[in-house]
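Visitor: Starting off with a structure, shown below.
The values are calculated or read from the model by the stated rules, or taken from the named source; none is laboratory data. Note that the structure is a prediction, hence the values are computed from the model and not measured. Virtual Cβ from ideal backbone geometry, glycine too; neighbours counted across all protein chains shown. For the accessible areas, the whole protein counts, side chains as well, though only heavy atoms, and no ligand, DNA or RNA atoms are used. Shrake-Rupley method; radii C 1.70, N 1.55, O 1.52, S 1.80 Å.
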Amino acid sequence: MAKRDYYDLLGVSKGASADEIKKGYRTKAKELHPDRNADNPNAEAQFKEANEAYEVLKNADKKAAYDRYGHAAFEGGGGGRPGAGYGGGQGDFSSAFSDVFDDLFGDFMGGRGQGGAGGRRAARGSDLRYNLHISLEDAHSGLQKSINVPTSVGCDACKGSGAEGGAEPTTCPTCSGMGKVRAQQGFFTVERTCPTCSGLGQIIKNPCNTCRGAGRVEKDRTLSVNIPAGVETGTRIRLAGEGEAGMRGGPSGDLYIFIEVQEHELFERDGANLFCRVPVSMSSAALGGSIEVPTIDGGRGRVQVPAGSQSGRQMRLRSKGMPHLRGGSTGDMIIELAVETPVKLTARQKEILREFEELSEENNPESSSFFSSVKSFWDSMKG
């Protein structure tokens, strides 16, 4: 029987965040735990499946492999089975289940740990997000921009170790450097983050006075970011290693820059194409002629307005739109006419228009067709 999708098993979408995945697993664990489903013979198997799914999706590397290759990523030597189930392979079970044990049953053995997997000596820094607003002109041409990012950086005083003078941490006596402690709970073993070392496996006897043992301090950083031409709202730029510094010398996280392109007063963007609504006078639309329009690069373009043009008519300027982000061709600029009715007429202008109206019965085919249809409609209703 084909294995179920891990995201479906936890009741979350493929784009779910780490918190959403954990919440989904917590809900399923409560729902399917064998102790709470003595009358359900399938509960244990379903609990195993949920545990296996969480064991993969909570790990960024395993999750990336699963998103790309599906279940095949862990078959045929591709990393082994992602997680053992309930009642077997207790190490894997405890690794997944201990992440949500506090939420299910409350604090156990005192205080919550803040660290990660057993034996981990230094915690990776968090990824950071920076929202960058740019103009449509900048999105068209691309730019190099300096940004100021408040973040955590490695402590210079202790060289990131967290210990005064850069001394080496000592092995945690509670977990013997494993970062986790185990306790028997009924017929299975529960593994939790060590409360003494917060999962780091080591403790600092003499913390650094500058960072107070964290190995990092808060500081604003100025970074130069290359914004390529063609970006649009939602484009994400990753700067590896430019996120928050890790705890006690751990690797830094990444910085993700999310682009938001501001609305423009003249142009409206649709993918690589730009739309520009250009008002023209009634006489210009009737007689036709050439008009000058702006382009996004600051230049000027000319388009020919055919005689008798109506509002909504479109003309195209080739390759005057936005460049494609991945390179290649450039979009077009679409000119849409808006025929403008004159206002604040003088007495003489009104006189001329009335005279023109009397002479233009054959010059308004759409209007004549419409009112002819209206007359036919009324006649049919009378019948």
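Visitor: State whether the residues of segment 152-167 include one that is under 32 Å from the mean Cα position of the chain (by Cα) and either of a type in the set (A, V, I, L, M, F, W, C) or closer than 30 Å to E44 by Cβ (or both).
Guide: Yes, segment 152-167 contains a residue that is under 32 Å from the mean Cα position of the chain (by Cα) and either of a type in the set (A, V, I, L, M, F, W, C) or closer than 30 Å to E44 by Cβ (or both).
Visitor: Of the residues G246, G250, G230, which single one is open to solvent by less than 50 Å² (accessible area, probe 1.4 Å), at positive phi and of a type outside the set (D, E, K, R)?
Guide: Every option except G230 fails the conditions.
Visitor: Among the residues of segment 269-288 satisfying the criterion of being assigned to a strand (DSSP E or B) and open to solvent by less than 40 Å² (accessible area, probe 1.4 Å), which is nearest to V343 (Cα to Cα)?
Guide: Filtering segment 269-288 for residues that are assigned to a strand (DSSP E or B) and open to solvent by less than 40 Å² (accessible area, probe 1.4 Å), the one nearest to V343 (Cα to Cα) comes out as V280.
Visitor: Among the numbered criteria (1) exposed (fewer than 13 other Cβ atoms within 10 Å of the Cβ); (2) modelled with pLDDT of 85 or more, which one does L10 miss?
Guide: (1)
Visitor: Looking at G299 and the list (1) touching a strand residue (DSSP E or B) at 6+ places or on another chain (Cβ under 8 Å); (2) at pLDDT below 95; (3) within 30 Å of L143 (Cβ to Cβ), which single condition is not satisfied?
Guide: All conditions are met except number (1).
Visitor: A further question on this structure: It is to be established whether one or more residues within segment 168-180 are out of contact with any Ser or Thr (no Cβ under 8 Å at 6 or more places or on another chain), at positive phi and of a type outside the set (K, R).
Guide: yes
Visitor: A further question on this structure: Restricting attention to segment 328-337, report how many residues are modelled with pLDDT of 95 or more and either open to solvent by 80 Å² or more (accessible area, probe 1.4 Å) or not in a loop (DSSP other than H, G, I, E, B) (or both).
Guide: Looking only at that region, the number is 5.
Visitor: For the list (1) farther than 30 Å from E268 by Cβ; (2) open to solvent by 70 Å² or more (accessible area, probe 1.4 Å); (3) aliphatic (A, V, I, L, M), I need the number of the one condition that L353 fails.
Guide: (2)
Visitor: Another question about this same structure. For a quick check of your reading: which helices (runs of 4 or more DSSP H) sit entirely within segment 14-74 and have at least 2 residues that are touching a residue at least 24 places away in the same chain (Cβ under 8 Å), closer than 17 Å to K3 by Cα and open to solvent by 20 Å² or more (accessible area, probe 1.4 Å)?
Guide: 43-57
Visitor: Can you name the residue in segment 110-158 that is open to solvent by 30 Å² or more (accessible area, probe 1.4 Å), at pLDDT 80 or above and assigned to a loop (DSSP other than H, G, I, E, B) and, of all such residues, is nearest to M333 (Cα to Cα)?
Guide: Result: S135.
Visitor: Taking the criterion of being closer than 22 Å to E232 by Cβ, touching a residue at least 12 places away in the same chain (Cβ under 8 Å) and out of contact with any strand residue (DSSP E or B) (no Cβ under 6 Å at 6 or more places or on another chain), would at least one residue in segment 339-354 satisfy it?
Guide: No - not one qualifying residue is present in segment 339-354.
Visitor: Would you check which residues across segment 289-319 are loosely packed, with under 14 Cβ neighbours inside 10 Å and assigned to a loop (DSSP other than H, G, I, E, B) and list them?
Guide: Answer for segment 289-319, where residues must be loosely packed, with under 14 Cβ neighbours inside 10 Å and assigned to a loop (DSSP other than H, G, I, E, B): D297, G298, G299, P306, A307, G308, Q310, G312, R318, S319.
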